[in-house]
Amino acid sequence: MSNLIDDLEKLRDEARTALADVIDLEQLDVLRVRYLGKKGDLTAILRGLGELDASERPLVGARSNEVRAALEAWIAERREALAAHALEERIGAEKLDITLPGRAHPIGSQHLISRIRDEIIDVFIGLGYQIVEGPDVELDFYNFDALNHSAQHPARSASDTFYVRDYSGDEHVGPEPSAVLMRTHTSPVQVRTMQEQKPPIYILAPGKVYRRDVADPTHLPQFTQIEGLVVDEDITFADLKGTLDHFVHAIFGPERRTRFRPHFFPFTEPSAEVDVSCGICDASGCRFCGGTGWVEILGCGMVDPNLYRYVDVDAERYTGFAFGMGVERIALLRYDIPDIRMLLEGDMRFLRQF
Amino acid sequence: MRASLNWLRELLALGALDALSIDELVSRLDMTGTAVEAVEQTGAHLAGIYVGQITSKERHPDSDHLWVTRVDIGAVGAEKGADEDGLLQIVCGAQNFEAGDKVPVATVGTVLVRPGSGDGSGSGDSDGSAQEFVIKKAKLRGVESRGMNCSARELGVGDDADGLMVLPADAPIGAEFAAWLGASDTILDLEITPNRPDCLSMIGVAREVAAVLDVEVADGLVPAAELLEEGESIDTLATVEVEEPTLCPRYTARVIRGVKVGPSPTWLAERVIAAGTRSINNIVDVTNFIMYELGQPLHAFDLNRIAKEKDGRAQVIVRRAGAGEKITTLDDVERVLDTENLLIADSSGPITLAGVMGAESTEVSDDTVDIFLEAAVFDAATTSRTSRKLALISESSLRFERGVDVATTLQALERAAALIAEVAGGTVAPGVIDVSVAPAERLVLPLRHNLMTRVIGEDIPLETAALLLERLGFKVERGADGADDALRVTVPTFRPDIEREIDLVEEVLRLWGMDNVTATLPAGRERVGALTSEQRARYAIDRTLRASGLNETMTLPFGDVADLEKLDHPLSHARAGSDGSDASDTQDSLLVELLNPMSSEQATLRVTMLPGLLRSVSLNKRRGVANVHLYELGKVFTTAAGRKQPDEREMAAAVLSGSWNQLGWNAPAVPLDFYDAKGIIEALVRELGVDRFRMTEPADGALPWLQPGKGAVLLLGKETVGWLGEIHPLVAQEFDIDDVVVAFEFDLAKFIAAAKPNRDVVAPPRYPGIEVDIALVVDEDVTNAEIEQRIYALGKKTPLKSVRLFDVYRGQVSEQRKRPGRPKGGSTASIPEGKKSMAYRLVYRADDRTLTAEEVDKAHDKLLTKLKQTLGAELRG
């Protein structure tokens, strides 16, 4: 019996020393199998158990269990230590240069004009507007007549407005070359909307407009306008002011102020131009705003009752307001773009900035 | 409209402007609807010139015509190089002065304009040969000179170049010359909106300023003309016949005889120059002066150059021009007229283009002695058409086309006649010719308090409104017809823009102050702000294109037929003939033509966005940007016989060239090709849930701008909605591009219509699938689609769930590009010429259990056997 006990003690001591010297998980596994495996040393010792007296067996059995438990604990302990060490080594070896560039599929950018247009649309969606659009090639009726432009209005001139060949066979009378034209503003959408829709009307109409301007650093023959129209009961000039104040704060910043200057437009009465306080000098006057402290951003007014004649809206019941703004102008005010033609070139290095 | 403040002060009550700075005045005008576009200080060109007294005059030691003068310019001399006695030494070549005389002295640093060879009347700077020069400290024949004693001509204030401008003895030494001369004035450049013809006159501006500032205009705003009539009556000298009274509602005339045409007196020249015109002579200047003062254009004829009737009277006729009739206008241009043009004529022909410009034949010249003076009102529309058609815009036509007040006409005539007699001598013939239709009754409008409140949103008391309107010259009756909630307002004749009650509301609002209106937001109940589902889908496409790596751009919508020819586009010939009929009869799809394009490159509207985008690719390459990824959402236009407005379709188009990225430490720069563009379309189809989308090979010659074999037609069901492919190398060359360009273009609305807003949700599988890879060696012309379809068909009764191509191998080069993370397929054994190896990963999976390997093997073996039979495919690996 004592032999077996001695063997167990010996195995335990030997294993303790051997395990302490193990340097990796592989060696540890080899030792585990050697000591505790089915064909391992412990099993070999316990084979002698059968030759013992029944009275001795429990003692040796208990002893062997102790040794097994001790060995298992040591192995687990070593395993944990070695695993921790190995992980530490791996982490050390995998240290990155985090200044190397990342890996990403490039995401495209939105055009500056579309971006501002969408920002403005968001503001007016929030105010309960619908977004509507109209044709780029318009009839002079919608672009001029129904908007109170006299037959002699200078904007009709073929030097200012693009005219388009009319294939309808209709005879055109008048000094202009055709009744079909590239719209010069988004205001025709006002008329089309009032023809198709009963009040209450709350619409925003973004779109391209065209004027016969030679492209230069501040002019393009095509630019983007956004038209707003509200027709409802009890719509007042005060509502127009509140609406545009909200718009200016949302787009230019809450610290900016507005100024309404009386003006003239054929299709609104009363009419106003709206200035926003200069963002550079805060209305004290600087070179950016030409010393006035204010920068003009849009035109607006109460819908002229004459317009209701062309559509089925009861002018005694409804009032309305309209406003129109140029998106390129807002872009030029917000970003210091030296030449507006850059907007149409498609230079990747310009587009990628937005 | 240029408004001189000196002039304005005379028209306003004394001291009316004194309490205000210029800035305040400008701001008040800005905020009431008269925008001040610029403030100009006149006399600025005389800065640096002072009144000086010549204290001594000595011969130049080395010259027999030069003088050495010493000049006192007062305290300012200390800064201008005066000696210890406070005097400037100036060498001077003039001979007309004595010691003690006072003269204008240009100090060192002054910039003068040397007049050209022009007539010198008025501002010399209108003459092309004038040039600037700077007064410098100089030595003239060894004697130092610090400044220049000036002649009137050198200063541009007179014609006299023969000697120094000797000033009156009371001119104060050291005064700024401009201020002493009265040449310093402030000119406000006013933006007059088209509805305010009254403000195209000084008297109108004065009324407006008085109303805005709540001050009074001058007593007897414009002095009544004091006319001394003498000699033969006008009735014996001239007759006027108005054939077109609707186009000429009033024609008045006077005759002034025995005038002497010559330079204007200074005050008159100053006024017309301040108003922005040149001083011509005393007669023309008077007509211009009255036009600027009262807004009534006038015309002076040489009476003796108007053809006479038999009885010797000058015969003036107001009539329409005959078709093809000609007139040589004052600018020496012969103009061909039509019946739209209104003329003043005599029996020999036209003598004025009515309201626009006079004719040479009856022009006032230096030897004119008798004047026929016209003050008339011509129809606004007719004047406007004439001046635009002939591209002849004058100060006169500008006023007529906006409307001239018939009530002012006679006053203007009388005042001009009296002034001509005053400044040019002569006598006014007794009598006035006045041919006029009865003036319209003064317009009377109501102004209801509730309308005012309803439009403005502020409760402006009726009495406040009444006072504001009275300030503007309206006659206001309170409580008319027993109504205490409305005014009765009589509109003055000088405000033709006030036609309706709403116009009065605007007048009240602009004077009361838009800034005083408290901002509110509309309270409307029945409204919802939202995008439509189409608009949301459009945004989704927009976003997906960007998420795919494309950058949005914007190009002009114009098209060039030459570009379509470069593309060999089918519509490159779809133009109407010069008579507008040929093609329109035969073509059902036509280019939209601009009738007045800016250039031949922009003579049509685009039918495809490709040329504009290719141009952007070319621009980027030229500028050294190799990687180009652009897209645009924009309209294209076509029309057809019988159509008025064209068909406008919104398209999405894109171009890709180079690679997605520049070569990186961890990312190769893979050249972009067909499949990169296809991947974007596939992403869109997935993102929008587009139904029935497919791509097919184009029919022969169908998309000629694409490289054959590298193009595809995009279809929704059977409908073609766009194309995709690599641009034909020859087409790319036409646009100066040497690289591969991949592009697509599709119809946005059709794509959106096919999008499914709601989708069927499929629960993710709960049991794992088993993946099996196969590689098939097939003939080159067998397509992936054919193989996939075949595999799916054969696997129909098996648990086959998906088939995915992961490699194409042609012996040498693998189609599988060196992108990280892709499985490597098949072996690298050589493949026979004309064959390719296609490697697929098949996934077998059951929805209700985990498949066993035996089940899969059995199904897969069966599938392979059939594949070999039907495709003639050889199995590899």
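Computed from the coordinates by the stated procedures, all read-outs in this text should not be read as laboratory data. Predicted, not measured: the structure shown is a model, and the values here were computed from it. Glycine gets a Cβ as well: all are built from the backbone with ideal geometry, and neighbour counts include every protein chain shown.
Note on B:497-508: average number of Cβ atoms from other chains within 10 Å of each residue's Cβ is 3. For the stretch B:466-476, 3J(HN,Hα) computed residue by residue from phi via the Karplus equation (6.51, -1.76, 1.60; θ = phi - 60°) reads 4, 5, 5, 5, 5, 4, 7, x, 7, 8, 10 Hz, glycine and proline entered as x. The residue list B:75, B:837, A:151 was ranked by how far each Cα lies along the charge dipole of the protein assembly as shown toward its positive end, using unit charges on Cβ atoms, and B:837 comes out on top. Taking Cα centre as origin and charging only the Cβ of basic (Lys, Arg, +1) and acidic (Asp, Glu, -1) residues, the dipole magnitude of the stretch B:444-510 rounds to 140 debye. Taking Cα atoms only, the orientation of helix B:501-512 departs from the longest principal axis of chain B by about 80 degrees. Cα axis of helix B:533-547 to longest principal axis of chain B: angle in degrees, 0 to 90, nearest 10? With both axes taken from Cα atoms, the answer is about 80 degrees. Per-residue packing, averaged as other Cβ atoms within 10 Å, sorts the ranges B:495-503, A:49-57 into the order B:495-503, A:49-57, beginning with the highest. Looking at the stretch A:1-53, the trypsin sites (Lys or Arg not before Pro) that sit in a DSSP loop and have at most 15 other Cβ atoms within 10 Å of their own Cβ are A:38, A:39.
Over all orientations, the protein assembly as shown has a Cα convex hull whose mean projected area works out to 80.7 square nanometres. Using only side-chain charges placed at the Cβ, +1 for Lys and Arg and -1 for Asp and Glu, the dipole size of the protein assembly as shown relative to its Cα centre rounds to 6040 debye. Is the shape of the stretch A:112-351 rounded, prolate or oblate, going by the alpha carbon gyration tensor and its root eigenvalues a ≥ b ≥ c, with a/c under 1.5 for rounded and a/b larger than b/c for prolate? It comes out oblate by the Cα gyration axes. Normalising the average separation of contacting C-alpha pairs (under 8 angstrom, six or more residues apart) by the number of residues puts the relative contact order of the stretch A:112-351 at 21 percent. Under 17 Å of direct C-alpha separation, and excluding same-chain neighbours fewer than eight residues apart, residue B:137 reaches these lysines: B:80. For residue B:140, the residues whose modelled amide H falls within less than 5 Å of its own, excluding neighbours fewer than 5 places apart on the same chain, are B:145. Residues B:792, B:767 in ascending order of nearby Cβ atoms (within 10 Å, fewest first): B:767, B:792.
The calculated P(r) of the stretch B:1-65, using every Cα pair and 5 Å bins from 0, goes 3, 11, 14, 17, 12, 9, 6, 5, 4, 6, 6, 4, 2, 0 in percent. Translational diffusion coefficient, Stokes-Einstein: compute it for the stretch B:464-563 using the Kirkwood radius over C-alpha pairs as Rh, at 37 °C and 0.692 mPa s, and state it as an integer in µm² s⁻¹. In µm²/s, the coefficient rounds to 166. Counting beta carbons within 10 Å around each of B:659, B:151 and listing the fewest first gives the order B:659, B:151. Note on the stretch A:2-93: dipole from Cβ charges, positive end direction compared against A:86, A:52, A:4; the farthest Cα belongs to A:52.
Using DSSP, restrict attention to beta bridges with both residues in the protein assembly as shown and report what percent are antiparallel, rounded to the nearest 5. Of those bridges, close to 95 percent are antiparallel.
Here chain B is assigned +1 on the Cβ of each Lys and Arg and -1 on the Cβ of each Asp and Glu. Its dipole about the Cα centre then comes out at about 5880 debye. Relative contact order for chain B: 8 percent, from Cα pairs under 8 Å spaced at least 6 residues apart, divided by residue count.
The mean sequence separation of alpha-carbon pairs under 8 Å and at least six residues apart, normalised by the residue count of the stretch A:194-273, gives a relative contact order of 20 percent. Gap in Å between the Cα centre of the stretch B:601-620 and the Cα centre of the stretch B:835-857? Using only Cα atoms to place each centre, the spacing works out to 49 Å.
Quick one: check the C-alpha center-to-center distance for the stretch A:1-75 versus the stretch A:235-254, whole angstrom. So the separation of the two Cα centres works out to 88 Å. Ordering B:281, B:328, B:291 by Cα displacement along the dipole of the stretch B:234-436 toward the positive end leaves B:291 in first place; charges were set at the Cβ atoms of Lys, Arg (+1) and Asp, Glu (-1).
Each of B:133, A:237, A:252 has some number of other Cβ atoms within 10 Å of its Cβ, and from fewest to most they run B:133, A:252, A:237.
Just check the stretch B:234-436 against the gyration tensor rule for me: Cα atoms, a ≥ b ≥ c as the square roots of the eigenvalues, rounded for a/c under 1.5, and otherwise prolate or oblate depending on whether a/b exceeds b/c. Rounded, since a/c falls under 1.5.
For residue B:858, the lysines whose Cα comes closer than 19 Å to its Cα, not counting residues fewer than 8 places off in the same chain, are B:796, B:797, B:801, B:866, B:868.
Between rounded, prolate and oblate, where does the stretch A:2-93 land on the alpha carbon gyration tensor, with a ≥ b ≥ c its root eigenvalues, rounded for a/c under 1.5, else prolate if a/b exceeds b/c? Prolate shape, in that a/c is at least 1.5 and a/b is the bigger ratio.
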